[in-house]
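Chemist: Next up is a structure, given as structure tokens.
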Amino acid sequence: MIVEIEAETKDGMKKTISALEVTFQRIRTGRANPSLLDSIEVDYYGNPTPLKQVSNITVENAKTLSISPWEKDMVVPIEKAIQSSDIGVQPSTSGEVIRVILPDLTEETRRELIKVAKSEAENSKVSIRNQRRDANGMLKEYLNEKEISEDDLKKGEELIQRATDEFVKKVDILLEEKEKDLLDF
């Protein structure tokens with residue numbers, strides 16, 4: 001039982017780390033990266049469709065993304081979707097290719113992005129701690145139902161705490177890397 005609870009808890013914590021990594025990819029660093037456009041959906045024949053499913057997105061240079069729609073009539077809907085998104089960039093079109101030029105980040109913008117990254121990291125830590133609380137709650141339920149002993153409870157709580165410490169450390173490492181990435185000029 002303890003092994004199953006630990007495995008289930010670690011799995012949930014891994015998912016939290018994966019979600020944080022995805023969130024950090026969306027926080028732009030001044031360098032062009034196709035993942036910046038992952039959250040954008042385009043109206044494709046009445047259906048909201050992820051941009052990467054209707055076009056090819058490539059990095060043209062350090063500050064420019066190039067979007068090549070697979071259908072010519074998708075240029076205007078893609079432009080509109082990018083303009084209405086919250087990523088703070090303006091597309092420019094030349095024929096069938098849409099270019100997104102990322103503006104330079106100011107010091108103030110970088111500091112704001114770091115605040116956002118810290119907030120996301122803290123949310124992830126809270127999620128990890130909540131998973132610890134839930135796992136410890138399950139262990140205590142098993143103890144109350146006499147399915148495990150006091151020693152098993154202590155052992156289980158120690159295992160869960162070690163996992164919690166490990167995953168909180170991973171969050172800190174990811175945040176440190178993101179801060180360094182944002183401050184690099």
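Where a number appears in this text, it was derived from the coordinates with a stated rule and is not lab data. If you're wondering where the values come from, they're calculated on a predicted model, not measured in any experiment.
Chemist: Taking H as built 1.01 Å from N, whose amide H comes closer than 5 Å to the amide H of SER55, not counting residues under 5 places away?
Modeler: Hits under the 5 Å cutoff: TRP70.
Chemist: At each listed q (0.16 Å⁻¹), what is the log10 of I(q)/I(0) that the Debye formula gives for the chain modelled as equal alpha-carbon point scatterers?
Modeler: -0.94
Chemist: Measuring from centroid to centroid over Cα atoms, what is the spacing of the stretch 59-108 and the stretch 159-180 in Å?
Modeler: Taking the Cα centre of the stretch 159-180 as reference, the centre of the stretch 59-108 is 34 Å away.
Chemist: Moving on. Quick query: amide H of LYS63 versus all other amide H atoms, modeled in the peptide plane; which residues come in under 5 Å with a sequence gap of 5 or more or a different chain?
Modeler: Distant-sequence amide H within range of LYS63: ALA32.
Chemist: Right, another one. Could you tell me the convex hull volume per residue, in Å³, taken over the Cα atoms of the stretch 7-87? Numbers along the way, then the final one.
Modeler: On the way: hull volume 9.6 nm³, N = 81.
About 119 Å³ per residue, rounded to a whole number.
Chemist: Provide the three semi-axes, in whole Å and in decreasing order, of the ellipsoid equivalent to the stretch 84-185 as defined by the square roots of 5 times the Cα gyration tensor eigenvalues. Before the final figure, lay out each step's value.
Modeler: Numbers: eigenvalues 425, 51, 20 Å².
Largest first, the stretch 84-185 gives 46, 16, 10 Å.
Chemist: Name the lysines eligible as straight-distance cross-link partners of LYS169: C-alpha to C-alpha under 18 Å, and not fewer than 8 places from it in the same chain.
Modeler: LYS10, LYS14, LYS15, LYS118, LYS125, LYS178, LYS180
Chemist: Once phi is turned into ³J(HN,Hα) by the Karplus curve 6.51 cos²θ - 1.76 cosθ + 1.60 with θ = phi - 60°, what whole-Hz value does each residue of the stretch 99-109 show in order, with x for glycine and proline?
Modeler: 10, 10, 9, 7, x, 5, 8, 7, 4, 5, 5
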